[in-house]
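S.K.: Got a structure here, written out as structure tokens. Questions coming.
The values are calculated or read from the model by the stated rules, or taken from the named source; none is laboratory data. Remember, it's a predicted structure, so these values are computed and weren't measured experimentally. With ideal geometry, Cβ positions are generated from the backbone for all residues, glycine too; neighbour counts draw on all protein chains shown.
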Amino acid sequence: MINPNKIEEIAKQVSELVPPGLKSAGEEFERKVKQVVQAKLSQLDVVNREDFEVQTQVLLRTRTKLEELEKKVEELEARLAEKE
């Protein structure tokens, strides 16, 4: 899920760019910006940081196992070549 604090931060940054004359409508504007940003972010195909870290660790373990298997195959091929 997307961090609500980040959405709040983005909405504040956008509302700070509003000219002073429009500041009176700032709260309503900020609320609408939050809604729009949250809606658009929910449409993106993103994962949270925790899921990303878990998948990164899985990938690293898989890569290590693959490298070990590649070495074993090379050793077996070398042994087979020696016998021939």
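S.K.: Please enumerate the residues belonging to the stretch 24-80 that are under 17 Å from residue 5 (Cα atoms) and of a type in the set (Lys, Arg).
M.R.: Answer for the stretch 24-80, where residues must be under 17 Å from residue 5 (Cα atoms) and of a type in the set (Lys, Arg): 31, 32, 34, 40, 49.
S.K.: Tell me, which residue of the stretch 18-46 that is in a loop (DSSP other than H, G, I, E, B) and modelled with pLDDT under 80 is surrounded by the fewest Cβ atoms within 10 Å (Cβ to Cβ)?
M.R.: Of everything passing the filter in the stretch 18-46, 45 is surrounded by the fewest Cβ atoms within 10 Å (Cβ to Cβ).
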